[in-house]
Amino acid sequence: MRYAIINGYILDGTENMEPLQGKVILIDGKKIMDIVDEGISLNGYDVIDLNGQYVMPGLINMHVHLAGNGKPQKKQRDNTKLVNLLFSNPVTAAVAYRMVRNYAQIALMSGQTTIRTVGGLKDLDTRVRDEINAGKYAGPRIIASNEGISVPHGHMAGSVAITAETIEQAKEHIDYLKEKKADFVKLMITGGVLDAKAKGVPGEMKMKPEMIKAACDYAHEKGFIVAAHVESSEGVRIALENGVDSIEHGAMPDEEIIRLFKERNAFVTTTLSPALPYALFDRSVSNASEVEQYNGNMVFEGIIECSKAALANGIPVALGNDVGCPWVTQYDFWRELCYFHKYTGVSNRFALHTATQINARLAGIGDITGTVEKGKCADLIVTESNPLDDLKTLRNVKMVMAKGKLIANPKVRRNQTVDRELDQYL
Ligand SMILES: [Zn+2]
């Protein structure tokens, strides 16, 4: 298909983007063929008239779990048991597959044209990725890690990560990821808010430094980069010392941590969405225990300070929202941009730039997507008003285009409870 997008304001995704008027975006197949001045002949094109709306690069969500819908929970689930049950027979395994595929499509409908999955069920992330790439159905571009690597009693062990008891088992999983053509490796190094049994230890070390080092070395040898779930300062330090390339979440930084980030050329993926409900909601709403609320607050503060320190020191910051955690739905990535602006003090412009061009670069696809630019993939979204004035306009995208495929009226079904509680924190 050939499209001409006319009569809109272009926000190109670059750091100093300003709404650009009077231009036509020409799309041929999957790519942006050119961006030219108004007035050329549009013969042979399907014309999309934006009527003064705003067009920008599709959003890139750097921290996604395709296994959860984000519904608030009354009490903690036993995820390991649930996953074992799901894959115990072909009928429920097929249900899991359809769920993952459906969630990926919801992400696309909400304007996320690329998602980076950091822990999934079996090989479903790469399977759905490959099917989307083969054109079997519409979906976002998926940068997939499949299951992460955890340790006995570690974070997400047995649900969206395998349980490696030995270094050998960790390596075997990396070999398996190579076979499945996964895009990177995810390690679960520390615990999380829900793993902690006592106040003040939300990011307890779980994986031994020897295993982190061996896994990172082996993954690098196989051509993978390594992302790691880390929620304590000690964890960040040990992760960086032993070869991790991206710290997912983050924790209270110090000078040593800043130095290590720079030395390793590593980046941090800021994720405010999963911690916010535990930290800021009344416990009667979040259903968190006192310990979980206390630790949620610690993690929330740690993530904010890590992000701010990284920004101040020229360390790259990616943005993701940890979809699948309670209160984090597949269609709400736009909220993470709002929080990034509100809690770290960056401008709306920088938040949008991060969720597009910076995320693309850090995901290793900066030459393919992330900006509205000649030669890039036609990954675009349209909003009614200017997101640089108010990011909330991203809540309802009016059009999505993924690799040149048009979705004219994207719709998602929203959870009213989630909206009502979270809207107070925008
Ligand atoms: Zn996560």
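The values are calculated or read from the model by the stated rules, or taken from the named source; none is laboratory data. Quantities reported herein were computed from a predicted structural model and do not represent experimental measurements. Neighbour counts are summed over all protein chains in view; Cβ atoms, including those assigned to glycine, are modelled from backbone coordinates with ideal geometry. Note: accessible area is taken over every heavy atom of the protein model, side chains too, but ligands, DNA and RNA are not part of it. Shrake-Rupley method; radii C 1.70, N 1.55, O 1.52, S 1.80 Å.
Laid out as a table, the results:
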item	result
Candidate set: the stretch 69-119, residues that are in a loop (DSSP other than H, G, I, E, B) and in contact with a strand residue (DSSP E or B) (Cβ under 7 Å, 6 or more places away or on another chain); chosen: the one farthest from the ligand (Cβ to nearest atom)	Gly111
Selection from the stretch 120-141 of residues that are in a loop (DSSP other than H, G, I, E, B) and either over 30 Å from Glu210 (Cβ atoms) or free of Cβ contacts under 8 Å to residues at least 40 places away in the same chain (or both)	Lys122, Ala134, Gly135, Lys136, Tyr137, Ala138, Gly139, Pro140
Matching entry among Gly235, Gly203, Gly250 (being modelled with pLDDT under 95 and within 16 Å of the ligand (Cβ to nearest atom))	Gly203
Complete set of residues in the stretch 261-285 that are away from the ligand (no atom under 16 Å from the Cβ) and in contact (Cβ under 8 Å) with a residue 24 or more places away in the chain	Phe261, Lys262, Arg264, Ala266, Leu280, Phe281, Val285
Unique match (being out of contact with any strand residue (DSSP E or B) (no Cβ under 8 Å at 6 or more places or on another chain) and not charged (D, E, K, R)) among Val418, Val382, Val400	Val418
Matching residues in the stretch 67-87 - criterion: being in contact with a Pro (Cβ under 9 Å, 6 or more places away or on another chain) and either open to solvent by less than 40 Å² (accessible area, probe 1.4 Å) or hydroxyl-bearing (Ser, Thr, Tyr) (or both)	Gly68, Gly70
Single residue of Thr383, Thr369, Thr356 found to be in contact with a Cys (Cβ under 6 Å, 6 or more places away or on another chain), more than 16 Å from the ligand (Cβ to nearest atom) and open to solvent by less than 30 Å² (accessible area, probe 1.4 Å)	Thr369
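Listed here are the residues, each with its yes/no results for (1) among the aromatic types (Phe, Trp, Tyr); (2) more than 28 Å from Val400 (Cα to Cα); (3) part of a loop (DSSP other than H, G, I, E, B).
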residue	(1), (2), (3)
Val244	no, yes, yes
Val285	no, yes, no
Glu292	no, yes, no
Gly302	no, yes, no
Lys342	no, no, no
